[in-house]
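Input: a single structure, listed below in structure tokens.
FYI, it's all coordinate maths here, none of it is from the lab. It should be emphasised that the depicted structure is a prediction, and the values quoted were computed from it without experimental measurement. Ideal geometry is used to build each Cβ from the backbone, glycine not excepted, and the neighbour counts take in all protein chains shown.
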Amino acid sequence: MSARVVYTDLDGTMVGPRGSFWHTAGRELTDRPAAALLDLHRAAVALVLVSGRTYEQVVEAARIFAADGAIAELGATIGWGAGRTPHRLRGELPERYGDRTPMDVMAELGVVEELIAAHAGRLEWHAPWHTTHDTDALLRGRVDPLAVDAWLAEQGAGWLTLKDNGAIPAASWMGLDADAAPPRVYHLMPRGISKGAAIAWDLERRGLSPADAVAIGDSVSDLDMAPAVGRLFITANGAAVDGMSDALAAVPNATVTEGAMGEGWAQAVRAAL
């Protein structure tokens with residue numbers, strides 16, 4: 001296929017270990033992702049970064065990779081050009097909270113602290129990176145997102161959902177129990193906000209259809225992009241995660257790359273061109 005825009009996740013997908021664009025999953029040096037990125041730009045295919053990072057962080061990465069747009073906090077904020085006029089998705093945040101941010105509302109309700117207390121040793125703030133998020137509570141640990149969603153509904157906060165954004169390396173400074181390893185990153189955020197919803201909005205803004213777009217990711221949350229694009233690529237490292245094979249079986253337009261992280265990302269870009 002020949003795409004007009006490529007939407008890509010960052011961590012674990014476009015960039016590998018410790019956020020490096022120049023290392024394979026096995027920490028060997030490679031220039032394949034850089035060569036694929038250069039060919040993408042030469043073909044005048046738009047690149048949009050889609051990440052769980054904050055908007056400011058994604059905009060900065062967009063400058064480095066010469067991306068055309070930035071989608072942050074798992075689809076909450078969409079920006080283009082220099083990122084000066086972002087569009088924010090509200091999702092199912094109740095109207096009674098007005099223009100307040102979801103994080104302000106969650107702080108007032110105390111729902112994050114109650115959730116962490118209910119999963120002591122298995123869930124904690126993803127410190128220090130959580131402090132700058134406006135739309136989602138950034139957490140880490142090892143829990144069942146479906147069970148958490150059921151708990152949220154019981155607390156009268158069913159407008160919230162817990163999204164799995166992939167695994168991270170365990171570290172001694174984390175306050176998690178040993179059986180919570182390997183930890184995963186979670187985003188507690190309003191329902192109706194997703195990478196797929198953000199891509200659909202951005203494609204409409206561009207006057208393009210899903211057939212014009214390709215997405216690349218590595219986590220369960222990236223499967224949300226599938227309905228909004230013609231083809232979704234999942235890098236090999238993401239496909240190897242427990243439960244991903246079953247989830248992929250329900251996504252007819254998903255393809256698993258042979259390579260992991262940046263090498264798989266380069267393969268997906270080549271296919272998009």
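Points worth noting:
- Placing one equal scatterer on every Cα of region 149-197 and applying the Debye formula, the log10 ratio I(q)/I(0) at q = 0.22, 0.23 Å⁻¹ is -0.86, -0.88.
- Surrounding net charge for Ala157, when Lys and Arg each add one and Asp and Glu each subtract one, Cβ distance under 12 Å: -4
- For the residues Ile168, Ile234, Ile199, a GNM of the chain with alpha-carbon springs under 10 Å puts the largest fluctuation on Ile168.
- The chain - percent relative contact order, Cα under 8 Å, separation 6 or more: 23 percent
- In the elastic network of the chain, a GNM with C-alpha springs shorter than 10 Å, the most mobile of Ile116, Ile71, Ile193 is Ile116.
- 22 Å tail of the calculated P(r), the chain, as % of Cα pairs: 55 percent
- The packing ranking, built from the mean of other Cβ atoms within 10 Å per residue, places the peptides 117-126, 261-270, 207-216, 221-230 in the order 261-270, 221-230, 207-216, 117-126, highest first.
- Among 28-41, 89-102, 130-143, sorting by the average number of other beta carbon atoms lying within 10 angstrom of each residue, highest first, gives 130-143, 28-41, 89-102.
- As a proxy for reagent exposure, ranking Val50, Val111 by other Cβ atoms within 10 Å from fewest up yields Val111, Val50.
- Taking other residues whose beta carbon is less than 12 angstrom from the beta carbon of Ala236, and scoring Lys, Arg as +1 and Asp, Glu as -1, yields -3.
- Set against the 2.2 N^0.38 Å expectation for a compact globular protein, region 95-190 has a Cα radius of gyration ratio of 1.05.
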